[in-house]
1. Kindly provide the set of residues from the range A:35-44 that are surrounded by 15 or more Cβ atoms within 10 Å (Cβ to Cβ) and within 8 Å of RNA strand B (Cβ to nearest atom), ordered by number.
2. Taking strands (runs of 3 or more DSSP E) that do not extend beyond the range A:304-419, which have at least 2 residues that are among the polar types (S, T, N, Q)?
3. Among the residues of the range A:172-211, which ones are more than 24 Å from the chain's Cα centre (by Cα) and aliphatic (A, V, I, L, M)?
4. Among the residues of the range A:95-102, is any within 22 Å of A:ASP218 (Cα to Cα) and away from RNA strand B (no atom under 16 Å from the Cβ)?
5. Looking at A:ASP157, A:ASP135 in this structure, which one is exposed (fewer than 13 other Cβ atoms within 10 Å of the Cβ) and either in contact with a strand residue (DSSP E or B) (Cβ under 9 Å, 6 or more places away or on another chain) or closer than 16 Å to A:VAL344 by Cβ (or both)?
6. Scan the range A:27-39 and report the pairs whose first residue is over 10 Å from A:GLN101 (Cβ atoms) and without any contact (Cβ under 8 Å) to a residue 12 or more places away in the chain and whose second residue is away from RNA strand B (no atom under 16 Å from the Cβ) and in a helix (DSSP H, G or I), with Cβ atoms within less than 8 Å and a gap of 6+ or a chain change.
7. Only residues that are surrounded by fewer than 16 Cβ atoms within 10 Å (Cβ to Cβ), touching a helix residue (DSSP H, G or I) at 6+ places or on another chain (Cβ under 9 Å) and in a helix (DSSP H, G or I): list them for the range A:207-231, please.
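Please treat every number below as a calculation from the coordinates, not as lab data. All figures in this text were calculated on a predicted structure; none of them were measured in a lab. Quick reminder, even Gly has a Cβ in these numbers, built from the backbone with ideal geometry, and neighbours come from all protein chains shown.
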Amino acid sequence: MLEIQILRDEKDRVITGLKKRGFTEEKLLIIDQIIDLDDQRKASQTHLDGLLNERNTLSDEIGGLFKSGQKDEANQLKIKVQAIKDTAEATETELTKIKSQLDNLLVLLPNIPHSSVPSGRLPEDNIVYKEWRADLPELAADALPHWELAEKYNLIDFKLGAFITGSGFPLYRGKGARLQRALISYFLDHAHRAGFEEIQPPLMVNSDSAYATGQLPDKEGQMYHMEKDDLYMIPTAEVPLTNMYRGQIIAESDLPIKLTGYTPCFRREAGSYGADVKGLNRVHQFDKVEIVQFEHPSRSYETLHHMLDHVAHLLDSLELPYRILHLCGGDMGFTSALTYDFEVYSAGQRRWLEVSSVSNFETFQANRLKTRYKDEHGKMQLVHTLNGSALALARIVAALLENNQSAEGIRIPEILIPYTGFDFIGVGN
RNA sequence: GGUGAGGUGGGUGAGUGGCUUAAACCAACGGUUUGCUAAACCGUCGUACUCUGAAAGGGGUACCGAGGGUUCGAAUCCCUCCCUCACCGCCA
């Protein structure tokens, strides 16, 4: 959620930023509506505070009168207070209404893109920030997509997953399951070496948490909801990890706070069909290692680039061709100020698959989280939050299987062998 | 799931309707004293919103798990919910 003060103080930057996200002149009117409502809120608040002040003063007097036995005078005052209370009640109702209108508008505003963010609305408008230098791998004509490889070598059983649960819930088995476990361990170890504290969070969260990180109300339909207990299955570890510091005041010297966690992620992903969703390309449940940071505003962009290096190192070491995209305003997530996507080239399908998204949210998330620190002048400041996937497993597995296939089987990258305990997947395993 | 006891500031903990502006102690921070450490003493010590002021600051309002209610007035009384602890039941 944006701070209203930013709308007032840096209106030009807000307008330029929102235009990058494709806001029309008409949609930009919301800014003035918000400022206007905020003015009303202040006036109403001041009015109410004045009334309550009067009530408190008179109540004190009544107490004094009763004590000195002046009952009649006290009862006189009671009548007066009653009138003030009625006005106060009406004012409070009005104030509540204004606040909720204000809130309803404010949640419609996405984060202001960083000045470097390219404008544009479509994926084609994203700018390639860094690209695989060598030639992309060319496979034999009879090379297979990963879903066929997974079946051939008995690594993933999509049908059985669908039978047990539904489509989009793959069942990994044998070396397929062990490869998953190896990747998770490798990613966590790498994060650990980079100074991230490892967390095993709850996989369900309450609605307060989902609101705080912005999944609600924006993406309600994308989360699985347990109605009876009003809990949501997490779509990413970002939600529980970031909420660890909801409402917290962090000592400035404790920044940055670096967290990592492996969790399954659950996404309903309504409205996607066709080749895009085949195999592991898009599933309802997948595994991911997430990295999250709470950072001092002065260092958040430096940190963002460290996180890029972190993810790039993982992909390099897995010998996977990848490119980094600098997302355009329209393709960025609602809460992000700057996002880089990592895409891995999956040779069997001859397509790029998104495997990581690394973002700086600046204060947008922290504002709703109310995660702050005290600066050197003792003033409260919102922290910057950042996060990234390091990495999302399902599509990495897809790319590994496809890119490393030969007629005999699938080669395991060197770096993973200590984790898998095998270096090759062949027929009959 | 059942029964019981609880939830007060960074921590411990007092507070059963107005004398609370939430005591006291501890921790933290600043200072004085001292040869250093320590101790003693003095001071500071919440958050949000808002008004005022150039600023330093000052005023007001709200907040004692959350939300409602009673009352002129609620940390205190009532209702609902959440959480914690103990025991019982069930259970990996």
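1. Within the range A:35-44, A:ASP38, A:ARG41 qualify.
2. Strands (runs of 3 or more DSSP E) meeting the threshold: A:338-346, A:351-362, A:384-392.
3. Across the range A:172-211, the qualifying residues are A:ALA177, A:LEU179, A:ALA182.
4. Scanning the range A:95-102, I find no residue that is within 22 Å of A:ASP218 (Cα to Cα) and away from RNA strand B (no atom under 16 Å from the Cβ), so the answer is no.
5. On inspection, the qualifying residue turns out to be A:ASP135.
6. A:LYS27/A:LEU18
7. A:ASP208, A:GLU220
Yes/no per residue for (1) touching a helix residue (DSSP H, G or I) at 6+ places or on another chain (Cβ under 9 Å); (2) in a helix (DSSP H, G or I):
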site	(1), (2)
A:ALA162	no, yes
A:GLY166	no, no
A:LEU179	yes, yes
A:LEU183	yes, yes
A:PHE187	yes, yes
A:ALA191	yes, yes
A:GLY195	no, no
A:GLU198	yes, no
A:PRO201	yes, no
